[in-house]
Amino acid sequence: MVTDNETSKVYEPPWWVLTLCVAFVVTILGGGWLWFEIHMHNISRPVIWNERDSIANSNHDPININSKHQPLISDEMKLSKNKYVIKGLYSDEDSNRLFVDDNPIPLEPSLKVWNKSPTGFNWGYGGSGPAQSALAICLHLFKSKEIALAVFQDFKFKFVANWPQEQSFEETIDLTEFLREHSDKIKAAQNMD
């Protein structure tokens, strides 16, 4: 405690400052430095650096199980291809519609998983309507609730938020890079299936 001579009041730091200091000291002194490093860099294990470097510098195909490298996703989660055509039909009455390769994407299954936007699909910004769109598309592509939940927010910011707002569109997306960037999340979600 520090005493202010002018007002004779005792200064106490906020509770969260003390908690943060204690947690930091316990982490460092308790041998948790490796845990701290791993989580601060958002990686799942220390050897990931070499794996990411080798994947980035190779012709690694995250989807083709017959490629010369080990796939980033398992046999049971193979996607049929890397590129998909996404079409969005905009309507002023909150009845926007989405299609993946001309297959209509229903709203209801995604609402049952997580009701982000009861008014339906939207795109072109980072809100709840685009989140519902991303979840529905991920459910369609990955055929797994756990994987869709693990990656839909990232999918929203990578793709859905960049589509033209308040207008219809047709975009071809390539998932190769997205799958590489999110392979750890996908693997973890596959283990939950």
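The values are calculated or read from the model by the stated rules, or taken from the named source; none is laboratory data. Here the structure is a predicted model, which means the values were calculated and not measured. Here Cβ is always computed from backbone atoms with ideal geometry, including for glycine, and neighbour counts include all displayed protein chains.
Of all the listed residues (TRP114, TRP123), the sole one being over 23 Å from ILE186 (Cα atoms) and either of a type in the set (Gly, Ala, Ser) or at pLDDT 90 or above (or both) is TRP123.
Just to verify a result, which residue in the stretch 96-140, among those that are among the hydrophobic types (A, V, I, L, M, F, W, C) and more than 24 Å from LEU179 (Cβ to Cβ), is surrounded by the fewest Cβ atoms within 10 Å (Cβ to Cβ)? Taking the candidates together, the pick is LEU111. The sole residue among GLY126, GLY88, GLY120 that is part of a loop (DSSP other than H, G, I, E, B) and either in contact with a Phe, Trp or Tyr (Cβ under 9 Å, 6 or more places away or on another chain) or touching a residue at least 40 places away in the same chain (Cβ under 8 Å) (or both) is GLY126. All conditions in (1) modelled with pLDDT of 95 or more; (2) crowded, with 19+ Cβ neighbours inside 10 Å; (3) not in a loop (DSSP other than H, G, I, E, B) hold for ALA189, with the sole exception of (1). For the stretch 164-177, which positions are closer than 13 Å to TYR84 by Cβ and touching a helix residue (DSSP H, G or I) at 6+ places or on another chain (Cβ under 9 Å)? If the condition is that a residue be closer than 13 Å to TYR84 by Cβ and touching a helix residue (DSSP H, G or I) at 6+ places or on another chain (Cβ under 9 Å), then GLU171, ILE173, LEU175 are the ones that fit.
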